[in-house]
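Before any comments, here is the structure.
The values are calculated or read from the model by the stated rules, or taken from the named source; none is laboratory data. This is a predicted model, so every value here is computed, not measured. So basically every Cβ, Gly included, is an ideal-geometry build from the backbone, and we count neighbours across all protein chains shown. Accessible surface areas use protein heavy atoms only, side chains included; no ligands, DNA or RNA. Shrake-Rupley method; radii C 1.70, N 1.55, O 1.52, S 1.80 Å.
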Amino acid sequence: MELAARVNRVSPSITLAISAKAKAMKAEGIDVCSFSAGEPDFPTPKHICEAAKTALDEGKTRYGAAVGELKLRKAIANKLQQDNNLNYQAENIIVTNGGKFSLFNLMQALIESGDEVIIPAPYWLSYPEMVKLAEGTPVIVETAAENDYKITPQQLKQAITPQTKLFVFNSPSNPTGTVYSPDEIRALAKVIVDQDILVVSDEIYEKILYDDAQHLSMGSIDPEIFARTITSNGFAKSHSMTGWRVGYAAAPPKILQAMAKIQGHSTSNVCTFAQYGAIAALESSQECVQKMLTAFAQRRSYMYQAINNIPQLSCPQPDGAFYLFVDIAKTGQKSLEFCQDLLATKQVAAIPGVAFGMDNCIRFSYATDMDTIKEGVKRLSEFVDLRS
Ligand code: GLU
């Protein structure tokens with residue numbers, strides 16, 4: 001039996017594979033410190049769970065519109081207006097199976113053989129694979145640590161060809177935690193408009209910002225960039241709702257209708273009662289988001305200091321998200337080998353940078369408790385010591 005060629009063009013998701021392995025080891029009773037998937041360790045806030053339970057009790061257990069419950073789409077439109085200065089109507093919004101499916105669906109709707117999609121590296125590992133699954137060509141643009149892993153307007157312009165259809169933009173960024181300044185985003189928007197390409201702005205980490213970092217939604221800059229922007233977001237990271245699988249995209253009508261068509265033949269609607277949890281997440285106090293942010297900020301400071309105290313390791317201080325992207329070049333090891341040895345000998349799980357397009361680095365998610373962070377960094381330090 002021959003599998004479809006597209007399967008061989010993509011790699012499995014290493015973030016999901018390593019976090020599943022770490023969870024399985026824990027279930028066997030092994031004392032693992034897991035810094036693998038970007039999954040907040042907090043329970044979903046109670047009022048959100050209660051809203052979903054009420055929806056269940058009220059019989060919200062049926063098929064709904066494939067694009068999502070109108071009440072949720074209205075709440076999302078309202079949130080995008082209030083928080084992001086983005087003028088979308090409910091009709092411009094599709095609720096998807098996590099932020100991930102909004103991106104996958106978009107690639108299916110837009111990209112075909114011959115189309116190029118520009119992706120700055122390091123990148124979230126699913127972006128290029130989604131492009132390949134849509135038969136398109138990912139065009140990877142390497143960014144420099146010295147430039148905080150940001151693509152410059154010149155680099156973007158140089159990468160654009162007549163085949164370029166889409167630019168994938170992610171700020172705050174996974175895996176580096178880099179946050180582009182509003183001026184930097186405006187400069188990229190100018191290139192996008194001048195060159196007349198589309199951009200998908202993945203804003204899943206927008207609420208996780210430290211110190212003076214600011215979030216600016218790409219589509220909010222002016223009507224010209226708005227017309228070329230698809231905004232993707234979700235509830236997983238901001239409201240600790242990873243397993244709920246509720247995300248969304250907001251897009252110009254033609255693109256939205258195409259995505260709706262694809263969703264009608266793939267996932268249909270997101271779990272109906274889960275959508276009612278998402279409505280509560282948007283319509284209640286955002287204090288829970290702030291509480292989690294305070295904890296992430298403490299963990300970031302501790303882990304950033306502790307890792308930079310290990311002689312052979314270094315990383316920039318991230319301005320957003322909950323990842324540290326650590327340079328391991330001085331250890332002489334490649335990222336996959338480093339992570340495999342670290343897990344096998346010290347039971348510390350991290351994600352190899354090769355998965356994000358940068359083999360001299362590894363990613364640690366600090367969306368985990370302080371005890372795990374302290375113990376994990378101690379083991380990491382012993383591991384590096386043994387090798388020097
Ligand atoms: N986006 C998260 C991460 O990068 C969750 C896992 C995944 O979907 O890749 O860890």
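Values computed for the structure shown
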{"read-out": "Residue in the range 236-249 that is within 23 Å of Lys190 (Cβ to Cβ) and either part of a loop (DSSP other than H, G, I, E, B) or modelled with pLDDT of 95 or more (or both) present", "value": "no"}
{"read-out": "Near pairs, Cβ below 8 angstrom, 6+ apart or cross-chain, from the range 124-152 (at positive phi) to any residue that is within 16 Å of the ligand (Cβ to nearest atom)", "value": "Asp148/Thr176; Asp148/Thr178; Tyr149/Pro120; Tyr149/Pro122; Tyr149/Ser173; Tyr149/Thr176; Tyr149/Thr178; Tyr149/Phe325"}
{"read-out": "Gln286 polar (S, T, N, Q), out of contact with any Pro (no Cβ under 7 Å at 6 or more places or on another chain) and more than 16 Å from the ligand (Cβ to nearest atom)", "value": "yes"}
{"read-out": "Residue within the range 181-200 that is touching a Phe, Trp or Tyr at 6+ places or on another chain (Cβ under 9 Å) and closer than 26 Å to Ile279 by Cα present", "value": "yes"}
{"read-out": "Lone unmet requirement of (1) within 16 Å of the ligand (Cβ to nearest atom); (2) in contact with a strand residue (DSSP E or B) (Cβ under 7 Å, 6 or more places away or on another chain); (3) open to solvent by 10 Å² or more (accessible area, probe 1.4 Å); (4) within 18 Å of Ala249 (Cα to Cα) for Pro122", "value": "(4)"}
{"read-out": "Cβ-Cβ under 6 Å pairs, at least 6 apart or on other chains, the range 68-79 side acidic (Asp, Glu), far side surrounded by 15 or more Cβ atoms within 10 Å (Cβ to Cβ)", "value": "Glu69/Gln275"}
{"read-out": "Helices (runs of 4 or more DSSP H) contained entirely in the range 1-118, each with at least 2 residues that are within 16 Å of the ligand (Cβ to nearest atom)", "value": "14-27, 98-110"}
{"read-out": "Number of the condition not met by Phe325 [criteria: (1) at pLDDT 95 or above; (2) away from the ligand (no atom under 16 Å from the Cβ)]", "value": "(2)"}
{"read-out": "Check on Leu336, in contact with a strand residue (DSSP E or B) (Cβ under 9 Å, 6 or more places away or on another chain), of a type in the set (A, V, I, L, M), crowded, with 22+ Cβ neighbours inside 10 Å and within 18 Å of Cys33 (Cα to Cα)", "value": "no"}
{"read-out": "Residues of the range 242-258 satisfying the condition of being crowded, with 24+ Cβ neighbours inside 10 Å and either away from the ligand (no atom under 13 Å from the Cβ) or more than 21 Å from Pro175 (Cβ to Cβ) (or both)", "value": "Trp244, Val246, Tyr248, Ala249, Ala250, Ala251"}
{"read-out": "First in the range 256-268 and touching a residue at least 40 places away in the same chain (Cβ under 8 Å), second anywhere and assigned to a helix (DSSP H, G or I) and open to solvent by 30 Å² or more (accessible area, probe 1.4 Å), Cβ under 7 Å, 6 or more apart", "value": "Ala258/Ala109; Met259/Ala109; Ile262/Gln108; Ile262/Ala109; Thr267/Phe101"}
{"read-out": "Subset of the range 201-235 [in contact with a strand residue (DSSP E or B) (Cβ under 8 Å, 6 or more places away or on another chain), touching a residue at least 40 places away in the same chain (Cβ under 8 Å), more than 16 Å from the ligand (Cβ to nearest atom) and outside any loop (DSSP other than H, G, I, E, B)]", "value": "Leu209, Met218, Gly219, Ile230, Thr231"}
{"read-out": "Matching residues, the range 21-43, being open to solvent by less than 60 Å² (accessible area, probe 1.4 Å) and without any contact (Cβ under 8 Å) to a residue 40 or more places away in the chain", "value": "Ala24"}
{"read-out": "Residue count for the range 316-333, restricted to those that are open to solvent by less than 10 Å² (accessible area, probe 1.4 Å), in contact with a strand residue (DSSP E or B) (Cβ under 8 Å, 6 or more places away or on another chain) and not hydroxyl-bearing (Ser, Thr, Tyr)", "value": "7"}
{"read-out": "Leu156 being away from the ligand (no atom under 16 Å from the Cβ), over 18 Å from Glu206 (Cβ atoms), open to solvent by less than 40 Å² (accessible area, probe 1.4 Å) and in a helix (DSSP H, G or I)", "value": "yes"}
